[in-house]
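What follows is calculated from the coordinates using simple rules that are stated; it is not laboratory data. None of the values given here were measured: they were computed from a predicted structure. Cβ: placed from backbone, ideal geometry, glycine included. Neighbour counts: every protein chain shown.
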Amino acid sequence: MSERPKTPLLDTVDTPADLRKLKKEQLRQLSDELRAEMIDAVGTTGGHLGSGLGVVELTAAIHYVFDTPTDKLVWDVGHQCYPHKILTGRRDRIRTLRQGGGLSGFTKRAESEYDPFGAAHSSTSISAALGFAMANKMQGQPGRGIAVIGDGAMSAGMAYEAMNNAEQAGNRLVVILNDNDMSIAPPVGGLSAYLARMVSSSEYLGLRSMASKIARKMGRRVWGGLEKAEEFARGMVTGGTMFEELGFYYVGPIDGHNLDHLIPVLENVRDSEQGPVLIHVVTQKGKGYAPAENSADKYHGVAKFDVVTGEQKKSKGGPPAYQNVFGETLAKLANADPKICAITAAMPSGTGVDKFAQAHPDKAFDVGIAEQHGVTFAAGLAAEGMRPFAAIYSTFLQRAYDQVVHDVAIQNLPVRFAIDRAGLVGADGCTHAGSFDITYLATLPNMVVMAAADEAELAHMTYTAAKYDDGPIAFRYPRGAGTGVEIPEQLEQLEIGKGRVVREGSKVAILSLGARLEEAKKAADQLEAKGLSTTVADMRFAKPLDTAMIEKLMRSHEVVVTVEEGAVGGLGAHVLTFASDEGLTDSGLKVRTMRLPDVFQDQDDPTKQYDEAGLNAPHIVDTVLNALRHNSAGVEEARA
């Protein structure tokens, strides 16, 4: 007789309150269904897969044991939050992940009360959870702060700054270290699970509390000696001495996929007076999906894929990705220049540094999620005569701005900043957009700022940066594939602060910085069709400006429009300042600046994002025509 199929449990769970109605023994089935649902959803949308698969059981267990959303659950980075979203009222929208108008690929406060803190950059969770815990404590309200942080995110100093400040929160703060690389974990098995349950149990903690009270009365020396002895003994069998030194009660390691081990420990921690507590959970990235388990990157980030085979539906052929152009170019340059080295902050493949590392393994440095350290490390290398390239996403370089100012720019050290993901980035949304680097770099004395219009320009700028030893220099380039232009074998060392005119005209001048150049050319075609002779200039440099070219174009054209993939305060602001200082607008010249709008744009297809931003060819044409209409109206008014 065949076994009757199990009734689907996931269909009965819309919120964690529904989840808590289940029996503990049903959580295994629920977790299996949750994993299958997530695989199917990400197969449809693409996105982060491996990290979410690794925390399926942990997600279910946390929501089952703790009183979310009263207890504030903060996911570090947030790319592992898809199972969390499914269990918190968003299952019906889970196949809109990372799509325009759909769910964010990260946690987002505006999306759900179960997302108390938005995150997409790493190592912020403990600080935020501590803030929730202390706010509730000070206001006499219930509620813990629960931070789930990966072992990779623990490479950032901010995590330790938060832990060093956490003691006042007491048992209101729970930190769950999700160790999915086995990087700091001893073997996990029955003994460690037993020990974790034991040292988190109310009996042990009660006995420990009683012993501590007696020891305190016996004197400081006795108490101190017993405390160190207990800490040492637990450290010998369970690890965690470092966390104890920071004021945390350490529990673990435990198997993050074994609910029979996980649930009792979480319940013990929930019910104890001990704290703050760090629970060390070991998980497997990509767990439960063979293609992910067998992949080198555990399917960390994937395109849409076939759920049965795991085959990703990536487009084949086409131009190379910008980061690969950078990495391969830098590797070739280093063949002839032994002083070139490369630094990345936990993003070797994302920045192309992996290409460099294959050719020069002793000169490539992955500093972990530690952009601040990476920039100052590069400054030290530069001060001793090396030619370091700090390859960091624009959005992540923000984390090291003080180091860029204080350790690099003020000392005028020749650190080369290769700034990936400049401009809008599509599905990752506002948290990963490279919107601000032109503004925050071009304002600094000594800094040179370039922007590549295509992959050939990126290769030239990489070469130029390698040859530039007079101070810091940065070059920015977008996410994704290039335009298809051929990269010349012989690279050009660009003259610092000099742009190029790519199309000659007489009435309208479009000054483009970076990858909007193709749209500027399209706009010029449309303007020419309307009888408006148009010049297109590729500025190449946001700083120093090609003031000679700008002045020439302003004196010979009726309308000048600047176009850039950056926030206000970038190229347009610097051009306007120059024009104002030189009195170039006194003759009625119309200058318009086109830039990213003063909003944080949500995820969408990049073309749609640039439509929303008003930075595609039709918007450039409209800007020119509106300026000309305004100018004509002003002339008619003056004549009247």
**Prompt:** Where in the range 23-127 are there GluC sites (Glu not before Pro) that are in a DSSP coil and have at most 13 other Cβ atoms within 10 angstrom of their Cβ?
**Reply:** E113
**Placed amide H near H48: partners under 5 Å, 5+ positions off or other chain** = V302
**Message:** Taking 2.2 N^0.38 Å as the expected size of a compact globular protein, what ratio does the Cα radius of gyration of the range 385-490 give against it, to two decimals?
**Reply:** 1.06
**Point-charge dipole on Cβ atoms (K/R +1, D/E -1) for the chain, about Cα centre, debye to 20** = 1040
**Fill in**
About its Cα centre, the range 351-404 carries a charge dipole, from +1 on Lys and Arg Cβ atoms and -1 on Asp and Glu Cβ atoms, whose size in debye to the nearest 20 is 120
**Fill in**
For the range 404-555, using Cα atoms only, the Rg and Dmax in Å read 16.1, 52
**Prompt:** Using only helices, what value at 222 nm comes out for the chain when you add -39,500 (n - 2.57) per DSSP H run of length 4 or more and divide by the total residues, to the nearest 500 deg cm²/dmol?
**Reply:** -12000 deg cm²/dmol
**Asked** Hey, of (1) 94, 58, 54; (2) 91, 63, 52; (3) 80, 61, 57, which did the structure itself give for Cα extents along the principal axes in Å when calculated?
**Response** (2)
**Request:** May I have the extent of the alpha carbons of the range 237-356 along their three principal axes, as whole Å values ordered from largest to smallest?
**Result:** 60, 45, 21
**Item:** GluC sites (Glu not before Pro) restricted to the range 502-598 and DSSP loop, no more than 11 other C-beta within 10 Å
**Value:** E504
**Pairs from K332/K552; K108/K543; K363/K543 whose Cα-Cα separation, in the structure shown, is over 32 Å** = K332/K552; K108/K543
**Prompt:** If you take the Cα Rg of the range 500-639 and divide it by 2.2 N^0.38 Å, with N the number of residues, what do you get?
**Reply:** 1.02
**Complete:** Relative contact order in percent for the chain (Cα pairs under 8 Å, 6+ apart) equals 11
**Asked** For the chain, with the dipole built from +1 on Lys and Arg beta-carbon atoms and -1 on Asp and Glu ones, taken about the Cα centre, which of H373, P276, L596 lies farthest toward the positive end?
**Response** P276
**Message:** For T535, what residues show an amide H to amide H distance below 5 Å, using hydrogens built from the backbone and excluding near sequence neighbours?
**Reply:** G505, S506, K507, V508, A509, I510
**Message:** My understanding is that a pair violates if its Cα-Cα distance is over 32 Å; which of K23/K287; K285/K467; K304/K355 do that in this structure?
**Reply:** K285/K467
**Request:** Note down the Stokes-Einstein diffusion coefficient of the range 461-501 in µm²/s, whole number, using a Kirkwood radius over alpha carbon pairs, 4 °C, and 1.567 mPa s.
**Result:** 105
**Message:** Looking at the calculated P(r) for the range 1-80, what percent of the C-alpha pair distances fall above 18 Å?
**Reply:** 48
**D (Stokes-Einstein, µm²/s), Kirkwood Cα radius, the range 322-476, 0.890 mPa s at 25 °C** = 164
**Prompt:** Around R479, which amide H atoms from residues at least 5 apart in sequence, or from another chain, sit under 5 Å from its own amide H, with H modelled in the peptide plane?
**Reply:** R421, A422
